[in-house]
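The values are calculated or read from the model by the stated rules, or taken from the named source; none is laboratory data. All figures in this text were calculated on a predicted structure; none of them were measured in a lab. Cβ placement follows ideal geometry from the backbone for every residue including glycine, while neighbour counts extend to all protein chains displayed.
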């Protein structure tokens, strides 16, 4: 496994490697969800590249960047054991050199859901993903369904800017209590982790209501809200039922819909989602 810190170095290494190239962008603190992306990429590509870069431009100015979990030794060990060929671990100065002043505006989809709560988030996400895809130039890039809005953002970015990558979305990987794996789960205490399982339970409730014939989105949102509020430490940011392709909120569910929510548990702001009206698998350990 080659660990490379420069853009020129990783390009040179990829040039010498076999095609096709699969790519997984990460911010480290790797968990089973990340490793599911790695496993899929290894099955489908001759060369797999994983980036580890904590992107300062997608964080709010509340100390979250400084507090974000970091464990490069563990991360590199997991990637080596899995059989990854190339790991790209640039410093901030490599990705944003002195004088950097170009950013990607992803448009309307970046101002919804997460974009409402985190105003500059998708500007930062879109910019770094554009740089990484332009640097690696993979045949395929892999993302997790847990970050559903990010998946739509990168698909639009790839399409609109003709980046030429196949975007592969891999099913959410869950803990035994249904909680989706996330690097931010590291912040959860035992009581918070137990309470956070209500995210998945609320999504199961929404799916069950839809299967039973309920199509009124407001009624489903209200039932979800009531369930989440049974956990006293849960602070709801949003509960959404939106068109799965453009994230426009729905009153009546007559198409594929993304049911998503963001809830704070102590220091951790967690997101999760399911799609109703269409088949999306969710993998549980």
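Could you list all residues from the range 42-54 that are within 24 Å of residue 124 (Cβ to Cβ) and in contact (Cβ under 8 Å) with a residue 40 or more places away in the chain? Spell out the reasoning first.
Residues of the range 42-54 within 24 Å of residue 124 (Cβ to Cβ): 49-54.
Of everything in the range 42-54, those that are within 24 Å of residue 124 (Cβ to Cβ) and in contact (Cβ under 8 Å) with a residue 40 or more places away in the chain turn out to be 49, 51, 53.
When you look at residue 260, is it under 16 Å from residue 146 (Cβ atoms), in contact (Cβ under 8 Å) with a residue 24 or more places away in the chain and not assigned by TED's automatic domain parsing to the domain that holds residue 143, yes or no?
Criteria met by residue 260.
For the subset of the range 55-76 comprising residues that are within 17 Å of the chain's Cα centre (by Cα) and buried (at least 18 other Cβ atoms within 10 Å of the Cβ), which member is farthest from residue 131 (Cα to Cα)?
68
Residue 215 versus (1) surrounded by 15 or more Cβ atoms within 10 Å (Cβ to Cβ); (2) out of contact with any helix residue (DSSP H, G or I) (no Cβ under 7 Å at 6 or more places or on another chain); (3) under 21 Å from residue 34 (Cβ atoms): which is the lone unmet condition?
Of the numbered conditions (1) surrounded by 15 or more Cβ atoms within 10 Å (Cβ to Cβ); (2) out of contact with any helix residue (DSSP H, G or I) (no Cβ under 7 Å at 6 or more places or on another chain); (3) under 21 Å from residue 34 (Cβ atoms), the odd one out for residue 215 is (3).
Name the single residue that is modelled with the highest pLDDT among those in the range 257-285 being touching a strand residue (DSSP E or B) at 6+ places or on another chain (Cβ under 8 Å) and in a loop (DSSP other than H, G, I, E, B).
Step one: filter the range 257-285 for residues touching a strand residue (DSSP E or B) at 6+ places or on another chain (Cβ under 8 Å), giving 257-265, 269-277, 280, 282-285.
Cutting the leftovers down to in a loop (DSSP other than H, G, I, E, B) gives us 277, 280, 285.
Working: 277: 88, 280: 45, 285: 40.
Looking at the filtered set, the residue picked out is 277.
Report yes if residue 4 is buried (at least 19 other Cβ atoms within 10 Å of the Cβ), over 23 Å from the mean Cα position of the chain (by Cα) and within 22 Å of residue 95 (Cα to Cα), otherwise no. Break it down stepwise before answering.
Numbers: buried (at least 19 other Cβ atoms within 10 Å of the Cβ): yes; over 23 Å from the mean Cα position of the chain (by Cα): yes; within 22 Å of residue 95 (Cα to Cα): yes.
Yes, satisfied.
Would you check which residues across the range 130-164 are in a helix (DSSP H, G or I) and on the phi > 0 side of the Ramachandran plot and list them?
Within the range 130-164, the subset in a helix (DSSP H, G or I) is 130-136, 145-160.
None; the set is empty.
Is it true that some residue in the range 185-202 is assigned to a helix (DSSP H, G or I), more than 29 Å from residue 68 (Cα to Cα), in the same structural domain as residue 271 (by TED's automatic domain parsing) and in contact with a helix residue (DSSP H, G or I) (Cβ under 8 Å, 6 or more places away or on another chain)? Walk me through it before giving the result.
At the first step, the residues of the range 185-202 found to be assigned to a helix (DSSP H, G or I) are 185-187, 190-196, 198-202.
Cutting the leftovers down to more than 29 Å from residue 68 (Cα to Cα) gives us none.
Checked against the condition, which is being assigned to a helix (DSSP H, G or I), more than 29 Å from residue 68 (Cα to Cα), in the same structural domain as residue 271 (by TED's automatic domain parsing) and in contact with a helix residue (DSSP H, G or I) (Cβ under 8 Å, 6 or more places away or on another chain), the range 185-202 yields no hits at all.
Could you please give the count of residues in the range 95-124 that are within 20 Å of residue 26 (Cβ to Cβ) and in a helix (DSSP H, G or I)?
The qualifying residues number 6.
Evaluate the following for residue 127: is it touching a strand residue (DSSP E or B) at 6+ places or on another chain (Cβ under 9 Å), part of a helix (DSSP H, G or I) and more than 24 Å from residue 172 (Cα to Cα)? Write out each step before concluding.
Numbers: touching a strand residue (DSSP E or B) at 6+ places or on another chain (Cβ under 9 Å): no; part of a helix (DSSP H, G or I): yes; more than 24 Å from residue 172 (Cα to Cα): yes.
No; evaluated as a whole, the condition is false for this residue.
Quick one: is residue 225 in a helix (DSSP H, G or I) and either in contact (Cβ under 8 Å) with a residue 24 or more places away in the chain or farther than 27 Å from residue 267 by Cβ (or both)?
Details: in a helix (DSSP H, G or I): yes; either in contact (Cβ under 8 Å) with a residue 24 or more places away in the chain or farther than 27 Å from residue 267 by Cβ (or both): no.
When the stated conditions are applied, residue 225 does not pass them.
Can you tell me which residue is nearest to residue 53 (Cα to Cα) among those in the range 165-184 that are over 15 Å from the mean Cα position of the chain (by Cα) and in a loop (DSSP other than H, G, I, E, B)? Spell out the reasoning first.
Kept after step one, since they are over 15 Å from the mean Cα position of the chain (by Cα), are these residues of the range 165-184: 165-166, 175-178.
Next cut, in a loop (DSSP other than H, G, I, E, B) only: 165, 175-178.
Details: 165: 20, 175: 25, 176: 29, 177: 29, 178: 28 Å.
Top of the filtered list is 165.
State whether the residues of the range 21-39 include one that is without any contact (Cβ under 8 Å) to a residue 40 or more places away in the chain, out of contact with any helix residue (DSSP H, G or I) (no Cβ under 6 Å at 6 or more places or on another chain) and more than 30 Å from residue 246 (Cβ to Cβ).
Within the range 21-39, none of the residues are without any contact (Cβ under 8 Å) to a residue 40 or more places away in the chain, out of contact with any helix residue (DSSP H, G or I) (no Cβ under 6 Å at 6 or more places or on another chain) and more than 30 Å from residue 246 (Cβ to Cβ).
Taking the stated definitions as given, is residue 46 assigned by TED's automatic domain parsing to the domain that holds residue 132, touching a strand residue (DSSP E or B) at 6+ places or on another chain (Cβ under 9 Å), surrounded by 20 or more Cβ atoms within 10 Å (Cβ to Cβ) and at pLDDT 95 or above?
Details: assigned by TED's automatic domain parsing to the domain that holds residue 132: yes; touching a strand residue (DSSP E or B) at 6+ places or on another chain (Cβ under 9 Å): yes; surrounded by 20 or more Cβ atoms within 10 Å (Cβ to Cβ): no; at pLDDT 95 or above: yes.
When the stated conditions are applied, residue 46 does not pass them.
Which residues, taken from the range 55-79, are farther than 23 Å from residue 8 by Cβ and touching a residue at least 60 places away in the same chain (Cβ under 8 Å)?
Selection gives 58, 59, 60, 67, 68, 69.
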